[in-house]
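Throughout, read-outs are computed from the coordinates displayed, never taken from laboratory work. Values in this document were obtained by computation on a predicted structure and should not be read as measured data. Please note: Cβ atoms are built from the backbone with ideal geometry, for glycine as well, and neighbour counts cover all protein chains shown.
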Amino acid sequence: MMIADRLYLRGKYMKKLLFIFNPHSGTGKIGGKLVEVLDVFTKAGYDTVAYPTQYSRDGLRKIREEGLQYDRIVVSGGDGMLHEAVNGVVNLPEERPLGYIPTGTINDFASSSQIPFKIEDAAKVAVSDHFKKLDVGVFKGEIFSYVAAFGLVTKVSYDTNQTYKNLFGSLAYGFEAMKSLDNKHFEEESKYYTIETDNGELGGIFVFGAVTNSHSVAGMKNFFLSPVVLDDGVLEGIFIRSPKSVAETELLHGGIFENSELSLVERVRSKHFKITCHEETPVYWTLDGENGGPHNEVNISVKKQALTLVAP
């Protein structure tokens, strides 16, 4: 790997690091730790360029345009910043390790990868020489790091006041709100889907679905019951059928992911998913907690070990 214009300090060439951070993530808590973070990077032998993002997808732009000029890329923020960074580094023509300092609300990705939530500790991990190769998902050409989801929970999260999203996280708030919904809400948002996987086809009326590569989603660590492997080239799918009675609605309210016997929940592992909504109005999706747009048909696949993550 050839990187131009490295600094020479104390008899050693300093490697170059691009540090991209969202100054507003987690109510701006990274701002009070910038000096400590940059000091960690310098002591690890990196000449650092720090860049605060200015608008949505600015981090993605920065990585696409300048990522190859650096030995390592480290980002700090929540789901949105991570989503941009993963899309950026996975699509670079040469591999660049990605370090992550989580400052969001729920931080499912960091939890799954055992990245510390304390900023200084995460910074030290980000400049270490411990790497993991992780799978990522591909959703109509866009990369997602840990979840692509559709349905009622997604709609609730987008209809929610931003203050509550910041407090709970978008998907987490959506699941919490679902506990108070009645049969009428479930009926209104239920749609007919066909879900094609490597293991066969599911069909019927569903109220929610997600394709994941994570040990937790929206802070729930038992989202998928059996052990999840993050680098096995397989994605996990979970799909919730629409409840047909008050009793089934109560079961959903009582903890859909804790009950392995609940017949409303379909779980499947696959390398590919084709999900078709047979309704006139497209259904909205979320990618890593961000708006994935409305779609009637999507193809989702896995890119095995496509992300080089700096992790414990």
FRET efficiency for residue 133 and residue 247, using Cβ-Cβ distance with R0 set to 35 Å, rounded to 0.05
0.20
List every residue whose amide H lies under 5 Å from the amide H of residue 47, counting only residues 5 or more places away in sequence or on a different chain, with H placed 1.01 Å from N in the peptide plane.
15, 16, 17
Would you please give the residues with an amide H less than 5 Å from that of residue 293, counting only those at least 5 places away or on a separate chain, with H modeled from the backbone geometry?
285
Could you size up the charge dipole of the range 36-149 around its Cα centre, putting +1 on the beta carbon of Lys and Arg and -1 on that of Asp and Glu, and report it in debye to the nearest 20?
160
Between residue 226 and residue 51, what is the label-point separation in nm under the 7 Å Cα-to-beta-carbon projection?
4.3
Over 31 Å between Cα atoms, which of 16/271; 244/304; 118/304; 15/271; 133/191; 15/133 qualify?
16/271; 244/304; 15/271; 133/191
What is the set of long-range amide H partners of residue 21 at a cut-off below 5 Å, with H atoms built 1.01 Å from backbone N?
51, 53, 76
On full extension of the chain, what length is gained from residue 42 through residue 301, given 0.36 nm per residue of separation minus the C-alpha to C-alpha distance?
89.4 nm
Residue-by-residue Karplus 3J(HN,Hα) for the range 236-243, coefficients 6.51, -1.76, 1.60, Hz, glycine and proline x:
9, x, 10, 9, 10, 6, 5, x
Rounded to whole Hz, the Karplus (6.51, -1.76, 1.60) HN-Hα couplings of the range 52-66, x for glycine and proline:
x, 5, 10, 6, 4, 6, 5, x, 4, 4, 4, 5, 4, 7, 10
To the nearest 0.05, how large is the calculated FRET efficiency for residue 140 and residue 13 if R₀ is 51 Å and r is the Cβ-Cβ distance?
0.75
List the aspartates and glutamates whose Cα sits under 16 Å from the Cα of residue 140, skipping any in the same chain fewer than 8 residues away.
84, 196, 288, 290, 297
Stokes-Einstein translational diffusion, the range 7-129 - Kirkwood Rh over all Cα pairs, 0.692 mPa s, 37 °C, in µm²/s
229
Given 235-245, 268-278, 295-305, the highest-first ranking by average Cβ count within 10 Å works out to 235-245, 268-278, 295-305
